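One structure below.
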Amino acid sequence: MKILAALTAAAAALAGTACADTGNEAALARLSGTWIVTVQYNKDLPRAELEFSGGQVTLSNYYAEPITEDVQISKAAPDLSSFHVSYVHRYKVKKPNGRIVEYTDQPDILYHEENGRPILSVMIFEYDGRGEIVGSEYIRKEDFTDGFESDLRKKRNQRTGSSMYREPPRTEDE
């Protein structure tokens, strides 16, 4: 009886993995194409771009040369209306004192849709009391609008933070 239960559990786990892989393929298909950052802070530089293809992302206009990294999909909604995208990029920087330091970038990018328009929002954590906010946003090249701001970004970023300073309690002598 225990063997049958173990085999059933293993089959269920494999079926779940197959469904997850199918979900990842569908999510990757939604990402496929070129995405452009909506707000450009330095007008002298070309706009940053993300190009998704075959489970990889190519970052252009971030570094001297374009880089390509593998993509991971997580926290997907059943209908794939939202899911999280991430990749890991490691690079080394030589400091002025000659020491070489390794850095790791692993952004948390939220794919979501507003009024049928797909949006990639880079989620960051702000320690001013607001919590998770949207750092930058990308929209598809064919839907590009300069300065576009999603409702999610407006809602999250325009919250007021709580004060990090608290007055000490006053004593009766004061």
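None of the figures in this text is laboratory data; all of them are computed from the coordinates on show. Here the structure is a predicted model, which means the values were calculated and not measured. Cβ atoms come from the backbone with ideal geometry, glycine included; neighbour counts cover every protein chain shown.
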About its Cα centre, the range 37-174 carries a charge dipole, from +1 on Lys and Arg Cβ atoms and -1 on Asp and Glu Cβ atoms, whose size in debye to the nearest 20 is 340 debye
Per residue convex hull volume, Cα only, the range 24-174, in Å³ is 205 Å³
Quick calc, ALA64 & PHE144: beta-carbon distance into FRET formula, R0 30 Å, rounding 0.05, result 0.80
In nm, the gap between the two label points placed 7 Å beyond Cα toward Cβ at HIS89 and ASN115 is 3.0 nm
Packing-ranked peptide list from 97-106, 66-75, highest mean Cβ count within 10 angstrom first, is 66-75, 97-106
Taking Rh as the Kirkwood radius computed over alpha-carbon pairs of the range 20-62 and applying Stokes-Einstein at 10 °C with viscosity 1.306 mPa s, one gets a diffusion coefficient in µm² s⁻¹ of 137 µm²/s
Under the 7 Å Cα-to-Cβ spin-label approximation, ALA29 and PHE125 lie apart by a distance in nanometres of 3.5 nm
